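Participant: Below is the structure I would like to discuss, written out as C-alpha cells.
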Amino acid sequence: MFRRGLMVMPLAAPDINYLKTLIAEKSGNVISSNQDYLLESRLAPVAKTVGIENVEGLVAELKKRPSGALHDRVAEAMTINETSFFRDMAPFDALKTAILPELIQKRASTKTLNLWSGASSSGQESYSLAMLIRENFNELAAWNVRIQATDLSDEMVKRTQEGVYSQFEVNRGLPASLLVKHFERKGTQWQARQELRRMVDARRMNLASAWPVLAQFDVVFLRNVLIYFDQPTKERILTRIHKVLRPDGYLFLGGGETLITLNVPFVREPVGKTVCFRPVPV
C-alpha cells in the first residue's frame with residue numbers, strides 16, 4: 001500500500017480483528033473479510049483528527065481503555081451514510097396512495113401520526129416523508145404528526161437537525177418544484193424551511209444496543225440497514241421494532257432485504273408496487 005510516495009504497512013491481523021470486534025460490539029456492524037481494506041481508509045482520518053499518525057497507532061490508543069468517545073468515533077466512521085431524497089419512490093407512492101389515507105381514517109379520533117426513519121443518515125428520508133405529507137394531505141396540518149429520525153452518528157443527527165444540504169445532495173432525487181417550495185438558500189447550500197424542520201425530531205440512537213423509550217409508531221422505515229448486522233442482531237432489532245410498531249402499522253425495509261430466514265413476528269404484504277411487513281401477534 002502506497003500513500004504520497006511512501007509505503008504504508010497494512011494492518012496486522014490482530015489489529016484488524018480487534019477493530020472488527022470493537023465495531024461489532026459498539027454498533028452491531030459486522031465487517032466481512034473482503035471489507036478489511038475499509039478499516040484503513042475510513043479510520044486514518046479519525047486517527048489524524050486526534051493527533052495519531054496512523055491506524056496502527058489508533059489501535060494502540062484504543063487498547064489503553066475499554067471504552068470511550070474514541071471508540072464511538074471508530075464505530076461511527078465505519079457506518080455507511082448513503083442516502084438521497086425520495087430514494088426508491090415505490091414506498092413513498094405506497095404511503096401516498098394507500099397507507100396514509102388508511103391511517104388517517106383509523107387515527108381520526110386521536111389526530112396523531114408517528115413515523116420513524118431508523119438509521120436515517122443525514123435526514124433526506126425524513127424530510128422526504130415530511131414533504132410527502134405537506135404536499136398531499138392538507139388535513140394533517142391540524143394533526144400531531146411526528147417524524148422521528150435516528151442515527152448512530154452524532155454528526156448525522158446534527159445534520160438532520162439543521163436540515164442543510166449541498167447542491168449535489170438536493171440534485172439527488174429532489175424535484176426542483178419541491179426544492180424551491182420547501183427549502184431556502186443558505187450561502188451555497190439549501191436549508192429546509194422551519195415548518196419542515198419542526199416535523200422532524202432527530203436523535204442519536206444505536207439500533208444494536210439498549211433502546212430509549214420510544215413512541216408507538218404507525219410507520220417505520222428501516223431501509224438498507226439490516227444487511228450490516230448478523231442474524232441474531234437482526235432478529236433482536238426486529239423484535240424490538242415489533243414492540244414499538246402499532247398492531248396495524250407498517251414496516252418498510254430496503255428493496256433487496258427479506259425476513260425469510262429470520263424468526264421474527266412479521267408477515268410480508270404487497271402494497272402497490274412495493275412490499276412492506278406487518279406485525280403479527282406474539
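Participant: When you go through (1) crowded, with 18+ Cβ neighbours inside 10 Å; (2) over 18 Å from the mean Cα position of the chain (by Cα); (3) not in a strand (DSSP E or B) one by one for LYS181, which number turns out not to apply?
Facilitator: Checking LYS181 against (1) crowded, with 18+ Cβ neighbours inside 10 Å; (2) over 18 Å from the mean Cα position of the chain (by Cα); (3) not in a strand (DSSP E or B), the one that fails is (1).
Participant: Only one residue in VAL213, VAL220 is farther than 15 Å from LYS26 by Cα, hydrophobic (A, V, I, L, M, F, W, C) and buried (at least 17 other Cβ atoms within 10 Å of the Cβ), so which one is that?
Facilitator: After ruling out the rest, the residue left standing is VAL220.
Participant: Now, a different point. Out of everything in the stretch 147-170 that is at pLDDT 95 or above and assigned to a loop (DSSP other than H, G, I, E, B), what residue ends up being surrounded by the fewest Cβ atoms within 10 Å (Cβ to Cβ)?
Facilitator: That would be SER166.
Participant: Among residues belonging to the stretch 263-282 that are in contact (Cβ under 8 Å) with a residue 24 or more places away in the chain, buried (at least 16 other Cβ atoms within 10 Å of the Cβ) and aliphatic (A, V, I, L, M), point out the one that is nearest to LEU207 (Cα to Cα).
Facilitator: It comes out as VAL264.
Participant: Being surrounded by fewer than 19 Cβ atoms within 10 Å (Cβ to Cβ) and of a type outside the set (Gly, Ala, Ser) is the filter here; which residues of the stretch 74-86 pass it?
Facilitator: Selection gives ILE80, ASN81, GLU82.
Participant: Considering only the stretch 200-231, state which residues are modelled with pLDDT of 95 or more and of a type in the set (Phe, Trp, Tyr).
Facilitator: Within the stretch 200-231, TRP211, PHE217, PHE221 qualify.
Participant: Which helices (runs of 4 or more DSSP H) sit wholly inside the stretch 37-110 and have at least 2 residues that are out of contact with any Cys (no Cβ under 6 Å at 6 or more places or on another chain) and either basic (Lys, Arg) or at pLDDT below 85 (or both)?
Facilitator: Counting at least 2 such residues, we get 37-49, 69-77.
Participant: For the stretch 117-144, how many residues meet the condition of being out of contact with any Asp or Glu (no Cβ under 9 Å at 6 or more places or on another chain), over 23 Å from VAL180 (Cβ atoms), hydrophobic (A, V, I, L, M, F, W, C) and not in a helix (DSSP H, G or I)?
Facilitator: Going through the stretch 117-144 one residue at a time, the tally reaches 1.
Participant: With the condition kept exactly as written, say whether any residue in the stretch 223-244 is of a type in the set (A, V, I, L, M), crowded, with 21+ Cβ neighbours inside 10 Å, within 26 Å of GLU162 (Cβ to Cβ) and not assigned by TED's automatic domain parsing to the domain that holds SER32.
Facilitator: yes
Participant: Only one of these is within 19 Å of LYS96 (Cα to Cα) and either more than 15 Å from the chain's Cα centre (by Cα) or buried (at least 17 other Cβ atoms within 10 Å of the Cβ) (or both): LEU253, LEU207. Name it.
Facilitator: Checking each option against the conditions leaves just LEU253.
Participant: Then there's this: From ALA108, ALA119, which residue is under 24 Å from CYS276 (Cα atoms), free of Cβ contacts under 8 Å to residues at least 40 places away in the same chain and of a type outside the set (Ser, Thr, Tyr)?
Facilitator: When all the criteria are applied, what remains is ALA108.
Participant: Follow-up question, since we're still on this one. Say we look at the stretch 184-194 and pick out the residues that are part of a loop (DSSP other than H, G, I, E, B) and touching a helix residue (DSSP H, G or I) at 6+ places or on another chain (Cβ under 9 Å); which of these is farthest from ALA130 (Cα to Cα)?
Facilitator: Selected residue: THR188.
Participant: Go through (1) of a type in the set (A, V, I, L, M, F, W, C); (2) over 18 Å from ARG197 (Cβ atoms); (3) more than 21 Å from the chain's Cα centre (by Cα) one by one and return the number of the condition LEU152 breaks.
Facilitator: Among (1) of a type in the set (A, V, I, L, M, F, W, C); (2) over 18 Å from ARG197 (Cβ atoms); (3) more than 21 Å from the chain's Cα centre (by Cα), LEU152 violates only (3).
The values are calculated or read from the model by the stated rules, or taken from the named source; none is laboratory data. What you see is a predicted model; the values in this text were computed from it and never measured. All Cβ positions, glycine included, derive from the backbone under ideal geometry; neighbour counts span all protein chains shown.
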